[in-house]
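The values are calculated or read from the model by the stated rules, or taken from the named source; none is laboratory data. If you're wondering where the values come from, they're calculated on a predicted model, not measured in any experiment. Cβ placement follows ideal geometry from the backbone for every residue including glycine, while neighbour counts extend to all protein chains displayed.
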Amino acid sequence: MSRSAHSPIPLADDSAVLERLGIEPQLTRRMSPFGNFAVSFSVISILSGCMTLYGFGLNTGGPAVMLLGWGAVGLAVLTVGLSLAEVTSAYPASGALFDMAGRLGGPGWSWLTGWLNMLGLLGGIAGIDYGAAQFTGTLLTLQFGYTPAPWRTMGIFAAILLLHAVVNLFNVSVVSLLNGISVWWHIVGVAVIFLALILVPSHHQSVDWVFTHYVNNTGWHNPIYVTAIGLLLAQYTFSGYDASAHLAEETTSAQQSAPRGIVRSISVSWIAGFFLLFALTYAIQDYAGTLHTSTGVPPAQIFLDALGSTGAKILLLIVVGAQLFCGAAETAASSRMIFAFSRDGALPFSHRWRRTSASGTPRAAVWLSVCLAALLALPSVYSPVAYGAITAINVVGITPAYAIPIALRLRRGKSFEPGPWSLGRWSVPLNVFAVVWVAFVTVLVCLPQSAPVTRTTANYAPVALAVALAISGVWWLVGRRSYVPPQVASPRQADVVEAGIV
């Protein structure tokens, strides 16, 4: 990246950077730059997001919206990632988004960003692990004749949450090792699925059909509205890349490694995800049969129709493995965010959640993450569209949290001191586009996804957002005296904050 008008500060020793930010190191710095990239790549997990929401995409716009939407959303998300990476380089702390917001805008912005970020991360754990439970149930059905039912899926989901909690109780070197394996599992897995679906079936859809076929089973009649809703598949998948920032205090050369981890994870996922979606759609044998499959998982039906039972089981095993890696990485990111937020006194009973083990692991924050994620997924027992709402919670929480530090960095103008990783002259235009895109997506994911709107088809993401903001507001009134927010980055900015911007 080129240098900005305000010269980036030089790369400094990791401990010196934290000291400059007023942070006392508590976490163990054992993660390599590759491991930092791997954690965000694992959280994005195209074999989780693309697969679990593929049926959603078949209904909301069909192949045309899925493929073209993937390209458009990926480009837009890359601008958000580039903008966020620049701020991460300046403030490489575990608090990540709320830490950045606090230093750029003051305690009110930090508080709001932290609660939104936490809601998004918890929704991410719930969505990833519940999707893994659905695919695991389908694999068990093919292998053992298991009969899937909502309460059984919830039981598998609980077991996966427990697994991810236990994995994250170990020190960060174990988490880093798993994420390194995850990268190759995803890349090789996508290659195997792509080649199998391209080379094995004797029949394929036409390339023209893959990019132009439009389907609307939402109950809404406006094609623009349906197309916009259909973008949720891509937008949900492209989330969680802030994990690289949350693991910054445990990463070597964090001022360079964390921003690069964000950008590279988005770029690699964008390319690999396109090939995955193309192969799945190209290999559809029976659209209606895929959509209404008895397995409950449309990609599984594509595998069955195209490759037979044995081939389908092998590919499902690849997908489930990727989803398990993804959930473990998301749990790691969530626990670090909760740890950092509690370190500043922002959560009820913060003294419990900021504790670390002898190995430097925030174990209490790990357990809190999985327990709250379990509560978010409970409506899936009775609602057939709850999974879509869970993914919307992930997006409606975490996406605005991305934009707040970017918008505050814009407001700072030339007084912002970039880190060694800088966007230079491209910073302002990319920042502006990123904020506009996030505003659009935040409105989008709050809209009803199916018509008519009933108790079982309602999108409860706005409700979850309202509840989180209400708890945040009440706790701000009660507990803000114990909140020790990140310090504003400069005396001039402190004057702006004290003037009552927040």
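Out of Ile302, Ile284, Ile271, I need the residue that is closer than 16 Å to Ala196 by Cβ, at pLDDT 95 or above, of a type in the set (A, V, I, L, M, F, W, C) and part of a helix (DSSP H, G or I). Which one? Walk me through how you get there before you give the answer.
Details: Ile284 fails: part of a helix (DSSP H, G or I); Ile271 fails: closer than 16 Å to Ala196 by Cβ.
Selected residue: Ile302, the only one of Ile302, Ile284, Ile271 that is closer than 16 Å to Ala196 by Cβ, at pLDDT 95 or above, of a type in the set (A, V, I, L, M, F, W, C) and part of a helix (DSSP H, G or I).
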Residues satisfying the stated conditions in the range 156-186, i.e. loosely packed, with under 15 Cβ neighbours inside 10 Å, within 20 Å of the chain's Cα centre (by Cα) and β-branched (Val, Ile, Thr) = Ile181
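Taking the condition of being on the phi > 0 side of the Ramachandran plot and not polar (S, T, N, Q), how many residues in the range 236-282 meet it? Even if it seems obvious, please write down each step before you answer.
Let us first name the residues in the range 236-282 that are on the phi > 0 side of the Ramachandran plot, namely 240, 253.
With the extra rule that they be not polar (S, T, N, Q), the set shrinks to 240.
Within the range 236-282, residues that are on the phi > 0 side of the Ramachandran plot and not polar (S, T, N, Q) number 1.
So how many residues does the range 287-299 have that are part of a helix (DSSP H, G or I) and hydrophobic (A, V, I, L, M, F, W, C)? Give the derivation first.
Residues of the range 287-299 that are part of a helix (DSSP H, G or I), as a first pass: 287-291, 298-299.
When the remaining residues are screened for being hydrophobic (A, V, I, L, M, F, W, C), the result is 288, 291.
Total satisfying the criteria: 2.
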Would it be correct to say that Ser202 is in a helix (DSSP H, G or I) and either on the phi > 0 side of the Ramachandran plot or not β-branched (Val, Ile, Thr) (or both)?
-> no
Counting just the residues of the range 12-63 that are in contact (Cβ under 8 Å) with a residue 24 or more places away in the chain and of a type in the set (D, E, K, R), which one comes out surrounded by the most Cβ atoms within 10 Å (Cβ to Cβ)?
-> Asp14
When you scan the range 131-176, how many residues do you find that are at pLDDT below 90, under 30 Å from Thr251 (Cβ atoms) and in a helix (DSSP H, G or I)?
-> 6
Ser482 passes all but one of the listed conditions (1) small (Gly, Ala, Ser); (2) closer than 26 Å to Leu347 by Cα; (3) surrounded by 14 or more Cβ atoms within 10 Å (Cβ to Cβ); (4) modelled with pLDDT of 75 or more; the exception is number (3)
In the list Ala434, Ala407, Ala470, Ala466, which residue meets the criterion of being modelled with pLDDT of 75 or more, within 21 Å of Ala93 (Cα to Cα) and not β-branched (Val, Ile, Thr)?
-> Ala407
Which pairs have Cβ atoms under 7 Å, sit 6 or more apart or on different chains, and link a residue in the range 121-150 that is without any contact (Cβ under 8 Å) to a residue 12 or more places away in the chain and farther than 19 Å from Tyr460 by Cβ to one that is surrounded by fewer than 22 Cβ atoms within 10 Å (Cβ to Cβ) and hydroxyl-bearing (Ser, Thr, Tyr)?
-> Leu140/Tyr146
(1) in a loop (DSSP other than H, G, I, E, B); (2) at pLDDT 80 or above; (3) hydroxyl-bearing (Ser, Thr, Tyr) all hold for Ser427 apart from (1)
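Looking at the range 341-365 only, could you name the residues that are assigned to a helix (DSSP H, G or I) and more than 17 Å from Val43 (Cβ to Cβ)? Working first, answer last.
Narrowing the range 341-365 to residues assigned to a helix (DSSP H, G or I): 341-343, 350-353, 363-365.
Phe341, Ser342, Arg343, Ser350, His351, Arg352, Trp353, Arg363, Ala364 - these are the residues of the range 341-365 that are assigned to a helix (DSSP H, G or I) and more than 17 Å from Val43 (Cβ to Cβ).
Please state which one of Leu47, Leu11, Leu67, Leu97 is farther than 21 Å from Ala332 by Cβ, modelled with pLDDT of 80 or more and of a type outside the set (Asp, Glu).
Working: Leu47 fails: farther than 21 Å from Ala332 by Cβ; Leu11 fails: modelled with pLDDT of 80 or more; Leu97 fails: farther than 21 Å from Ala332 by Cβ.
After applying the criteria, what remains is Leu67.
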Are any residues in the range 189-208 out of contact with any helix residue (DSSP H, G or I) (no Cβ under 7 Å at 6 or more places or on another chain) and either surrounded by 19 or more Cβ atoms within 10 Å (Cβ to Cβ) or modelled with pLDDT of 95 or more (or both), and if so, which ones?
-> Ala191, Leu195, Leu199, Ser206, Val207, Asp208
Six or more apart or on different chains, Cβ under 8 Å: which pairs go from a residue in the range 338-355 that's on the phi > 0 side of the Ramachandran plot to one that's at pLDDT below 85 and not in a loop (DSSP other than H, G, I, E, B)? Could you list them?
-> Gly345/Gly479; Gly345/Ser482
